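The values are calculated or read from the model by the stated rules, or taken from the named source; none is laboratory data. These numbers come from a predicted model, not from an experiment. Glycine also receives a Cβ, built like all others from the backbone with ideal geometry; neighbour counts cover every protein chain displayed.
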Amino acid sequence: MADERSKNWQRGVCGALVGAANSLFGGGGGMIAVPLLTKVGLQEKQAHATAILVILPISLFSFFLYALRGYCSLSVLLPTSIGVTAGGAVGAGLLGKLQTKTVNLIFAALQVLAGIFLIFFRS
């Protein structure tokens, strides 16, 4: 019982960190959700899939807060949502087919590329 409480506490802290990152940066919670979820006991592919599920309510809540403050560009909502949905379907299909090591390498490469972009190519 105490072990389960400890795991739930760790999962709660994980969720708080992911929510804070996602809300603060307007996304990216999944980038820290995956490593944190593996630390609290999920297998790699489970962590990737669970991160997507966890991000949904966080993203909706963040969207409403941003929209209330006038930070959202609703003109890009529909076309971007279509692209994200299509990409999500492709990614979900690939997750089931790729080896865990391949998924980890792709994930790490995307994190590095995102970091490089943020440091060198944003004004």
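Among the criteria (1) surrounded by 10 or more Cβ atoms within 10 Å (Cβ to Cβ); (2) part of a helix (DSSP H, G or I); (3) of a type in the set (A, V, I, L, M); (4) at pLDDT 85 or above, the one residue 58 does not fulfil is (4). Listed by first and then second residue, the pairs with beta-carbon distance under 7 Å, at least 6 apart or on different chains, first residue in region 110-123 and closer than 15 Å to residue 31 by Cα, second surrounded by fewer than 11 Cβ atoms within 10 Å (Cβ to Cβ) and aromatic (Phe, Trp, Tyr), form an empty list. Looking across 86, 109, 49, 114, one residue alone is closer than 22 Å to residue 11 by Cα and among the small types (Gly, Ala, Ser). It is 49. Of the listed requirements (1) touching a helix residue (DSSP H, G or I) at 6+ places or on another chain (Cβ under 8 Å); (2) in contact (Cβ under 8 Å) with a residue 12 or more places away in the chain; (3) in a helix (DSSP H, G or I); (4) not aromatic (Phe, Trp, Tyr), residue 7 misses just one: (1).
Of the residues that make up region 65-83, is at least one under 15 Å from the mean Cα position of the chain (by Cα), at pLDDT 85 or above and either surrounded by 10 or more Cβ atoms within 10 Å (Cβ to Cβ) or not in a helix (DSSP H, G or I) (or both)? Taking every residue of region 65-83 in turn, none turns out to be under 15 Å from the mean Cα position of the chain (by Cα), at pLDDT 85 or above and either surrounded by 10 or more Cβ atoms within 10 Å (Cβ to Cβ) or not in a helix (DSSP H, G or I) (or both). Scanning region 91-111 for residues that are part of a helix (DSSP H, G or I) and either of a type in the set (S, T, N, Q) or loosely packed, with under 10 Cβ neighbours inside 10 Å (or both) yields a count of 7.
Would you pick out the residues in region 1-13 that are modelled with pLDDT under 85 and of a type in the set (A, V, I, L, M, F, W, C)? Once the filter is applied, which keeps residues that are modelled with pLDDT under 85 and of a type in the set (A, V, I, L, M, F, W, C), region 1-13 yields 1, 2.
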